[in-house]
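Enquirer: Structure in structure tokens, see below.
The values are calculated or read from the model by the stated rules, or taken from the named source; none is laboratory data. The structure displayed is predicted, hence computed values, not measured ones. We place every Cβ from the backbone using ideal geometry, glycine too, and count neighbours over all the protein chains shown.
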Amino acid sequence: MKKLIVASVGVVAALALSSCSGTGGDAGPSTELNVYAWADEIPQTVFDAFTEETGIAVNVDNFDSNETMISKLAAGNSGYDIVEPSQYAVQQLVGQELLEPLDKSKIEGIDNLAPKFADPSYDPGLQYSVPWVWGTTGLLYNAACTGGEEITSWTSLFDPKWKGKINMLDNMLAAYIAGLQVNGYGADSTDEAEIAKATESLIEQKPLLSGYNSTNYGELVASGDVCISEAWGGTSTAKIVEQNPDVHYVLPEEGGSLWVDGLSIAKGAPHQDAAYEFINFLLRPEIAAMATNDGGLASANAAAQEHVTDQGLLSNAAVYASDEQVANADFIVDPGKAMRFYQDGWTRVKAS
Amino acid sequence: MTATTRAIHLGRQEKPKRGSLLLLIPGIASVVLLGVLPLFIVARNSFAVADDYGGITDGLTFENYAKLLDPVYSKTLLFSLGLGLLNTVVCLVIGYLTSYYIVSRPTNRQGFLLLLVIIPFWTDFLVRTFAWITILGSGGPIAGILGIFGIAGFSVIPSNLAVVLGLLYSFLPTAIFPIYASMRSIDPSLKEAATDLGASWWGVHRRVILPLSSPGILGAALLTFIPTMGVFVIPVLLGGGKDPLVGNLIVTLYTEFRNQPMGAAVSMVLLVLMLASMALVGLALKRSSTKRATTKKTEA
């Protein structure tokens, strides 16, 4: 038995070693690229166009949360070249040394980015990431359900008037955006007392809720099971707003928040030359516009806007929120040491 | 008659050959690599210290377990245990009745009935859960029928009732099969004899069929109770996510909270609870079989 275990461990070790030696060593230009991205955020048409132009084959894997992506990279030997972290995930990946710093001399077209993404707080000087798509966290409501009343503020999510008809996103950081801003604090607070106050508000809010749901909240609002929901802007929300004239997406007057998913190069990426080529390709205005045309998302690339075929999307708040609307919005950044206050609070909210 | 029983009858034990040991290697390797090894890693991590970025630093601490004493965690744990027990009891009662029905059908019909029980497994678990949203939700058939009678806006979702229904639906087949298997081996003449001797329907079940199918019932109890504790999709989709189960707690700790050691500690507590329940069932089985053996002896 002991011998068997030793033998099987040996076999596995040998396999692991042989797969490692296969990736390094070749000096010529790469013929493939491994991308790990959010599902549907980089449309297939973009990959196809890239392969057609460069001859580089692209292998794509998808993730559905930053946390999944981070743990896969942290496990090591992921083999990915390009990853697509959200803003706070960039900070976490940099903290864990899982990203390669970008060599700006190899990047062309970074001036195409919209000014608000040129020097973001989560990655000053864009040392590790190039913004690709962005969106907002706001309110989704069904006017037929609210009796025609317009919803403009987070306070509606805490209003007993809508008891049993309110949904919150089942996500700690998202829930605290509303909890903090309704109390007049910034959504990126790291202050223990402010977070404690937000926790209190969220606990008081819980009996009013239909539930915490970040999976099919759009359908719940569209069907009227829920009147008002905290919501992420983006493809699925935009679709529901488009299909149902009663459903509206707004950024709350308290500000709401901004998210942005960008392109980064994973530490020890085996095909770095191809990775830079891919980033440059995605910075081209006509390619960046495909994120909106084929993916239904807002591109971080200002020059791309004239290439958007459905110009109506540029004024659809669920896709392109206007500059005035996002003026008060906070970037959700990594809370760092304050994470503990959020976690303790959220555990209490969930158990209450 | 199987090979081993024949060997025993011949009075000697066949020695396993070298070749058959080799055939075992893939099985043993996958159990060790995919089951035992990860378990050890989780056990080790439950005593580790988390760093700020979701990684694990070396170190040895009991703090992760100490923190679980906080009432916020015990509340989730107790709620899960309660829901798990409720689901097990309901599954066993309905599973027992269903199995009894299937067993009492003609043999050639039983296969078809079992097939009907299996069919839902051909569809993905998540898809079936979404189907329940449609069935129980405000746009579904139940709401439609009630709408005819003037009850508008009826929706079971989200509620804990919907969670119980979803759990029952998911785990009923796993309760039916073990009970059916042990019921099928009960000699039908025992039931006839009991009836002839004047036992009522209830008496036949309580004194004959229930005791004889108890191994299957205990097995079914394990197969429903243990997985129920780990469920995390149903409470979110059907229950509105307001009352998390242990499964939800573990997912949150591992992903959102980036606190692997705490997540590992909760997992270990759950594992110990499951092992304890398995040991209890094992004991119960042993007791019932020795009891049967002794009664047989006294009868003889």
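Enquirer: In this structure, is B:SER30 over 30 Å from A:PHE341 (Cβ atoms), under 29 Å from the mean Cα position of the chain (by Cα) and away from chain A (no Cβ under 14 Å)? Reasoning before the result, please.
Expert: Details: over 30 Å from A:PHE341 (Cβ atoms): yes; under 29 Å from the mean Cα position of the chain (by Cα): yes; away from chain A (no Cβ under 14 Å): no.
The answer is no for B:SER30.
Enquirer: Right, something else. Looking at the stretch A:56-107, which of its residues are of a type in the set (Lys, Arg) and either buried (at least 19 other Cβ atoms within 10 Å of the Cβ) or within 23 Å of A:TRP259 (Cβ to Cβ) (or both)? If you could, list the steps in order and put the result at the bottom.
Expert: Start the filter on the stretch A:56-107 by keeping residues that are of a type in the set (Lys, Arg), which leaves A:72, A:104, A:106.
Selection gives A:LYS72 alone.
Enquirer: Quick one: which of A:ASN216, A:ASN280 is touching a Gly at 6+ places or on another chain (Cβ under 8 Å) and either over 20 Å from A:THR136 (Cβ atoms) or of a type outside the set (Val, Ile, Thr) (or both)? Please lay out each step first, then the result.
Expert: Details: A:ASN216 fails: touching a Gly at 6+ places or on another chain (Cβ under 8 Å).
Unique residue meeting the criteria: A:ASN280.
Enquirer: Just one of A:ALA39, A:ALA27 is modelled with pLDDT of 50 or more, over 28 Å from A:ASP261 (Cα atoms) and more than 14 Å from every other protein chain (Cβ to nearest Cβ); which is it? Working first, answer last.
Expert: Values: A:ALA39 fails: over 28 Å from A:ASP261 (Cα atoms).
None of the other options fit; the residue is A:ALA27.
Enquirer: Then there's this: Please enumerate the residues belonging to the stretch B:249-269 that are at pLDDT 90 or above and either more than 14 Å from chain A (Cβ to nearest Cβ) or touching a Phe, Trp or Tyr at 6+ places or on another chain (Cβ under 6 Å) (or both).
Expert: B:GLY263, B:ALA265, B:SER267, B:MET268, B:VAL269
Enquirer: Okay, next question. Among the listed residues A:GLY255, A:GLY268, A:GLY312, A:GLY296, which satisfies the condition of being assigned to a helix (DSSP H, G or I) and modelled with pLDDT under 95?
Expert: Working: A:GLY255 fails: assigned to a helix (DSSP H, G or I); A:GLY268 fails: assigned to a helix (DSSP H, G or I); A:GLY296 fails: assigned to a helix (DSSP H, G or I).
Selected residue: A:GLY312, the only one of A:GLY255, A:GLY268, A:GLY312, A:GLY296 that is assigned to a helix (DSSP H, G or I) and modelled with pLDDT under 95.
Enquirer: Now for a separate question. I'd like to verify a number: residues in the stretch A:182-223 that are part of a helix (DSSP H, G or I), among the polar types (S, T, N, Q) and modelled with pLDDT of 95 or more, how many? Outline the logic, then answer.
Expert: We begin by selecting, within the stretch A:182-223, every residue part of a helix (DSSP H, G or I); these are A:192-208, A:217-223.
Within this subset, residues satisfying the condition of being among the polar types (S, T, N, Q) are A:199, A:201, A:205, A:223.
Those left that are additionally modelled with pLDDT of 95 or more: A:199, A:201, A:205.
Residues flagged as part of a helix (DSSP H, G or I), among the polar types (S, T, N, Q) and modelled with pLDDT of 95 or more within the stretch A:182-223 amount to 3.
Enquirer: Output yes when any residue across the stretch B:18-34 is modelled with pLDDT under 90 and among the small types (Gly, Ala, Ser), and no when none is.
Expert: Yes.
Enquirer: Restricting to the stretch A:253-269, name every residue that is surrounded by 19 or more Cβ atoms within 10 Å (Cβ to Cβ) and more than 20 Å from A:GLN87 (Cα to Cα). Give the derivation first.
Expert: At the first step, the residues of the stretch A:253-269 found to be surrounded by 19 or more Cβ atoms within 10 Å (Cβ to Cβ) are A:254-266, A:269.
Selection gives A:GLU254, A:ALA269.
Enquirer: Still on this structure, please answer the following. Can you find a residue that is at pLDDT 95 or above and within 14 Å of another protein chain (Cβ to nearest Cβ) anywhere in the stretch A:99-120?
Expert: Within the stretch A:99-120 (the criterion being at pLDDT 95 or above and within 14 Å of another protein chain (Cβ to nearest Cβ)), the answer is yes, since at least one residue qualifies.
Enquirer: Whether any residue in the stretch A:299-308 is in contact with a Phe, Trp or Tyr (Cβ under 6 Å, 6 or more places away or on another chain) and more than 14 Å from every other protein chain (Cβ to nearest Cβ) is what I want to check.
Expert: Start the filter on the stretch A:299-308 by keeping residues that are in contact with a Phe, Trp or Tyr (Cβ under 6 Å, 6 or more places away or on another chain), which leaves A:300.
Filter once more, keeping what is more than 14 Å from every other protein chain (Cβ to nearest Cβ): A:300.
Yes.
Enquirer: While we're on this one: Evaluate the stretch A:118-125: report whether one residue or more is of a type in the set (Phe, Trp, Tyr) and part of a loop (DSSP other than H, G, I, E, B).
Expert: Within the stretch A:118-125, the first condition is being of a type in the set (Phe, Trp, Tyr), and the residues that meet it are A:122.
Next cut, part of a loop (DSSP other than H, G, I, E, B) only: A:122.
Yes, because at least one residue in the stretch A:118-125 is of a type in the set (Phe, Trp, Tyr) and part of a loop (DSSP other than H, G, I, E, B).
Enquirer: Something else about it: Enumerate the helices (runs of 4 or more DSSP H) found wholly within the stretch B:118-206, keeping only those where 2 or more residues are farther than 20 Å from B:ASP243 by Cβ and acidic (Asp, Glu). Give the steps one after another, and end with the answer.
Expert: Working: elements: B:125-136, B:141-148, B:160-184, B:188-196, B:201-204.
The qualifying helices (runs of 4 or more DSSP H) are B:188-196.
Enquirer: Please indicate, with yes or no, whether at least one residue in the stretch A:241-252 is in a helix (DSSP H, G or I) and either crowded, with 20+ Cβ neighbours inside 10 Å or modelled with pLDDT of 95 or more (or both). Spell out how you get there, then give the answer.
Expert: Our first condition is that a residue be in a helix (DSSP H, G or I); within the stretch A:241-252, this holds for A:241-243.
Still in the running and either crowded, with 20+ Cβ neighbours inside 10 Å or modelled with pLDDT of 95 or more (or both): A:241.
Yes, the conditions are met somewhere in the stretch A:241-252.
Enquirer: Would you mention how many residues in the stretch B:124-178 are within 14 Å of chain A (Cβ to nearest Cβ) and on the phi > 0 side of the Ramachandran plot?
Expert: So the count comes out to 1.
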